[in-house]
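The values are calculated or read from the model by the stated rules, or taken from the named source; none is laboratory data. Every value quoted in this text rests on a predicted model; they were computed, and no experiment measured them. Because the Cβ atoms are built from the backbone with ideal geometry, glycine has one as well, and the counts that use them run over all protein chains shown. Each accessible area value is taken on the protein alone, full model and side chains, heavy atoms only, with ligands, DNA and RNA left out. Shrake-Rupley method; radii C 1.70, N 1.55, O 1.52, S 1.80 Å.
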Amino acid sequence: MSLDLLYPRKCPFCARLLPEEEPGDICPACRRDLPWTRGGGKTKGSFFSLCVSPLTYAGKAREALLRFKFRGRRAYARCFGRLMADCVRENVPWELHTVSYVPLHWLRFRKRGYSQSRLLAEALAAQLGLPCVRLLRKRRHTRPLSGIRGEERRRAVVSGAFSLRRSAEEQIRNKCVLLVDDVVTTGATLGECSRLLLTAGADRVVCATLCKASNRK
Ligand SMILES: [Zn+2]
């Protein structure tokens, strides 16, 4: 018996059952109608060369990401990782060596039981055939940036909120690191994490997120 009969595959964005012959992880209607970014939805920021995101943080993409993040739908990571991998292959011109992610504070990790950015990073790394490593730690709890207006204030909130793990330097010296998070808005968090990776000797940091939010705040 095919595994699909035991565990029928569903599209993470609309929960429709996927036909067995459907090769991807999402249904044809969502492939057509999701809020795809153009050209990888490139975001520029401080300390990273580029951030790419396959989807806009809106509609079904936003709803699916919220279920993944807050409702325990960890299995979406595989599909999301594929979408991000396609986006990275198409839009990142540099050779990448290592994948890592923006960490959660341990209190939030304990509450949620998993780190959404780590699941995305692991799925993306598997797709790209790269190692996924822990490089950063979140030192203090920060208010969600979604409620904070203005790029400078957002940068101030995340300034000093992260630190490097002891093994980071030997893992990334002279390497190009792909740093993963779920959503990018102004790039304040990714910038702060990238700054640390560069101080640890990384050659370059490129970022990838599943969604790109509007930064008109
Ligand atoms: Zn669908």
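Here are a few things to note about the model shown:
- Three-way shape label, region 31-147, alpha-carbon gyration tensor, a/c 1.5: rounded
- Protein heavy-atom accessible surface, 1.4 Å probe, per residue over region 125-182: 59 Å².
- Apportionment of accessible area to carbon and sulfur, the chain, percent (1.4 Å): 48 percent
- Global geometry of region 95-217, whether rounded, prolate or oblate, following the gyration tensor of its Cα atoms and the 1.5 cut on a/c: rounded
- Karplus-derived 3J(HN,Hα), 6.51/-1.76/1.60, for each residue of region 182-195, Hz, glycine and proline x: 7, 9, 10, 10, 9, x, 5, 5, 4, x, 5, 5, 5, 4
- Sites excluded, chymotrypsin sites (Phe, Trp or Tyr not before Pro) in DSSP loops with at most 14 other C-beta within 10 Å, longest stretch of the chain: 115-217
- FRET efficiency for F109 and E20, using Cβ-Cβ distance with R0 set to 41 Å, rounded to 0.05: 0.65
- Partnerless cysteines, meaning none of the other Cys C-beta atoms lie under 4.7 Å away, in the chain: C14, C30, C79, C87, C132, C176, C193, C211
- Virtual paramagnetic centre 7 Å along Cα→Cβ of L198, amide N under 20 Å, in region 103-137: 103, 135-137
- Along the chain, longest interval not containing exposed GluC sites (Glu not before Pro), exposed being DSSP loop plus at most 13 other Cβ atoms within 10 Å: 96-217
- For L18, the residues 5 or more places off, or on other chains, whose built amide H falls under 5 Å of its own are R9, K10, C11.
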